[in-house]
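Scroll down for the structure; my scribbles are underneath it.
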């Protein structure tokens, strides 16, 4: 009798597991544009201090761009409009105030209506506690949304990886980095590689170079001076004697982060071409290979004079996020 019971339990578990896997496979792909967030919120709240807090956190300026662009594009709708057309969106915030909640809380769900999706439930018993919740947890909301955006890019890059380019970078610098198809090596010389994804209207570039670890601290001016040293030599403009440098009139954004167990200095600022009328944003990761006593600089820059640049630079950031020491 016990044996039969165990067999039934195992069979039930297998059926449920298969059903869950089938549901995942059958789930529709997410909709909406990259960098877009649907906020389901009643108009009264959106027009109050609650809406102000959401906009302050989610629509703040993206750092290191030549013109102001928001961190996310926000689409706000009331619950009455939250139909199937919105339920499959990639990033959803469900904002609700009700006395059914004892305390303010945030619940994060993955792949609720589509995949790969993030749904963040933001719940509170009253308006004041909702406002406080957004103010206190706004940075966490931003972090989760950004990480999900990065993971979507990373998944696509892994699926459409150009292993030839990646293998060349591994051999030269001792790093593993996922380079998607469409990027080609434009220049490969001593301690420097330029990988580019070019079209008639836009260019994305990856600059990877290394140099001996100095005895001094890797300050922001030092990192910029090293970048200028390499780009002035190898990244030339169309006019004679023109070359890329970092724009001196803009204060770089700097932070220390950990990527794949690497301690990385991230810089964001603007570049320009000395002797020409070209420029745009860049983001760079600088880290130390202690085994080789080398500093490695991995850099993504965008030239897209006719377009917004946030998503282009975010795509490059997703590539940089894949970097690992071999």
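The values are calculated or read from the model by the stated rules, or taken from the named source; none is laboratory data. Predicted model only: the values in this text are computed from it and were never measured. Cβ atoms come from the backbone with ideal geometry, glycine included; neighbour counts cover every protein chain shown.
Name the single residue, out of those in segment 78-99 being part of a strand (DSSP E or B) and crowded, with 18+ Cβ neighbours inside 10 Å, that is farthest from the chain's Cα centre (by Cα). Write out each step before concluding.
Let us first name the residues in segment 78-99 that are part of a strand (DSSP E or B), namely 89, 91-97.
Then drop every residue that is not crowded, with 18+ Cβ neighbours inside 10 Å, which leaves 89, 91-95, 97.
Numbers: 89: 18, 91: 14, 92: 17, 93: 19, 94: 22, 95: 24, 97: 30 Å.
The qualifying residue farthest from the chain's Cα centre (by Cα) is 97.
Give the residue that is nearest to residue 150 (Cα to Cα), with candidates limited to residues of segment 260-273 that are touching a strand residue (DSSP E or B) at 6+ places or on another chain (Cβ under 7 Å) and surrounded by fewer than 16 Cβ atoms within 10 Å (Cβ to Cβ). Please lay out each step first, then the result.
Going through segment 260-273, the residues touching a strand residue (DSSP E or B) at 6+ places or on another chain (Cβ under 7 Å) turn out to be 260, 262-273.
Then keep just the ones that are surrounded by fewer than 16 Cβ atoms within 10 Å (Cβ to Cβ); that gives 260, 263.
Numbers: 260: 14, 263: 19 Å.
Going through the qualifying residues, I end up with 260.
Would you pick out the residues in segment 262-277 that are at pLDDT 95 or above and either farther than 23 Å from residue 305 by Cβ or not in a strand (DSSP E or B) (or both)? Steps first, please.
Residues of segment 262-277 at pLDDT 95 or above: 262-274.
Listed by number, the residues that qualify are 262, 263, 264, 265, 266.
Applying the selection to segment 162-196, what residues are free of Cβ contacts under 8 Å to residues at least 60 places away in the same chain and assigned to a strand (DSSP E or B)?
Correct list: 184, 185, 186, 187, 188, 189, 192, 193, 194, 195, 196.
Quick grid of which residues meet (1) under 18 Å from residue 230 (Cβ atoms); (2) touching a strand residue (DSSP E or B) at 6+ places or on another chain (Cβ under 8 Å); (3) touching a residue at least 24 places away in the same chain (Cβ under 8 Å):
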| residue | (1), (2), (3) |
| --- | --- |
| 253 | no, yes, yes |
| 278 | yes, yes, yes |
| 297 | yes, yes, yes |
| 308 | no, no, yes |
| 311 | no, no, yes |
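Consider segment 105-133. How many of its residues are touching a residue at least 24 places away in the same chain (Cβ under 8 Å) and assigned to a helix (DSSP H, G or I)?
The qualifying residues number 6.
Working only within segment 288-302, note down all residues that are over 19 Å from residue 233 (Cβ atoms) and surrounded by fewer than 22 Cβ atoms within 10 Å (Cβ to Cβ).
288, 289, 290, 291, 292, 293
Anything in segment 197-249 that is part of a loop (DSSP other than H, G, I, E, B), in contact (Cβ under 8 Å) with a residue 60 or more places away in the chain and exposed (fewer than 14 other Cβ atoms within 10 Å of the Cβ)? List them, or say none. Even if it seems obvious, please write down each step before you answer.
Initial filter on segment 197-249 (part of a loop (DSSP other than H, G, I, E, B)): 199-202, 213-219, 235, 237-242, 247-249.
Now narrow it down to the ones that are in contact (Cβ under 8 Å) with a residue 60 or more places away in the chain: 201-202, 213-214, 218.
Hits for segment 197-249 are 201, 214.
One residue is enough: does segment 307-318 have a residue meeting the conditions more than 14 Å from the chain's Cα centre (by Cα), assigned by TED's automatic domain parsing to the domain that holds residue 166, on the phi < 0 side of the Ramachandran plot and modelled with pLDDT of 95 or more? Before you say what the answer is, go through the steps one by one.
First, the residues of segment 307-318 that are more than 14 Å from the chain's Cα centre (by Cα): 307-308.
Subset that is assigned by TED's automatic domain parsing to the domain that holds residue 166: 307-308.
Then keep just the ones that are on the phi < 0 side of the Ramachandran plot; that gives 307-308.
The next check asks that each one be modelled with pLDDT of 95 or more; those that pass are 307-308.
Checked against the condition, which is being more than 14 Å from the chain's Cα centre (by Cα), assigned by TED's automatic domain parsing to the domain that holds residue 166, on the phi < 0 side of the Ramachandran plot and modelled with pLDDT of 95 or more, segment 307-318 yields at least one hit.
Run down 102, 136 and say which single residue is exposed (fewer than 15 other Cβ atoms within 10 Å of the Cβ) and assigned to a helix (DSSP H, G or I). Explain how you work it out, then say what you get.
Details: 102 fails: assigned to a helix (DSSP H, G or I).
Residue meeting the stated conditions: 136.
Are there any pairs with C-beta distances below 6 angstrom linking a residue in segment 25-38 that is more than 13 Å from residue 88 (Cβ to Cβ) to a residue that is surrounded by 15 or more Cβ atoms within 10 Å (Cβ to Cβ), with the two at least 6 apart or on different chains, and if so which?
Here the result reads 34/311; 35/72; 35/73; 35/311; 37/72; 37/74; 37/91, each pair linking segment 25-38 to a residue that is surrounded by 15 or more Cβ atoms within 10 Å (Cβ to Cβ).
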